[in-house]
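The values are calculated or read from the model by the stated rules, or taken from the named source; none is laboratory data. Owing to the predicted nature of the structure, the values given are computational and were not obtained by experimental measurement. No Cβ is skipped: glycine too gets one built from the backbone with ideal geometry, and neighbour counts run over all protein chains shown. Just the protein is used for accessible areas: all its heavy atoms, side chains included, with ligands, DNA and RNA removed. Shrake-Rupley method; radii C 1.70, N 1.55, O 1.52, S 1.80 Å.
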Amino acid sequence: MKAILALLALSAVLPAVADEQEQPTLYGRNEYVRLPELGKTLRAKLDTGALNASLSAKDIERFERDGEDWVRFRLAGKGADDTLYEHRLARIGKIKNRAGEQSADEEEDAGVEVSKRPVIDLELCLGTVKETVEVNLADRSNFIYPLLLGAKTLRELGAAVDPARRFTTRKPEC
């Protein structure tokens, strides 16, 4: 009988512990993100309306090294220097560009513009969380933030966004 009571008590506690461990860390709509592989800390927009992460890049050029696909690029935007980066290409991603919301059926009929972008696996540090995620390269120099973290990336980082807050974590500590 004591064993059954102990098991019942334990089963009541375990879901609460699991829920606490799975709770995302709350960040503001804008945060500083460290890119250790590039030696840069950038201001980022955390955007749950976007799906993927995107890094502002220019002079993007694909090439082959040792039988693998690579990409070279320079960071684009305010304050970017002329450093040339080279990174192994993970894949070419298809990104839907559209002005308004459409249903899945309307997308085919409306001729949604799809752009192909190089995607790299890049290590990001947000607060104290470090994770390697897929990041597509696109010229975002017309945008305020050179780095966009979309919903898929936010899930991978265990992040939730409070749109009323900004820069809650100071500089990344990874």
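Data table
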| item | result |
| --- | --- |
| The stretch 113-174, dipole about Cα centre (Lys/Arg Cβ +1, Asp/Glu Cβ -1), debye to the nearest 20 | 220 |
| Carbon/sulfur fraction of accessible area - the stretch 113-157, other protein chains in place, 1.4 Å, % | 46 |
| Listed residues 112, 133, 145: farthest to the positive end of the dipole of the stretch 105-174 (Cβ charges) | 145 |
| Rounded Å value of the spacing that divides the Cα centres of the stretch 50-75 and the stretch 118-174 | 17 |
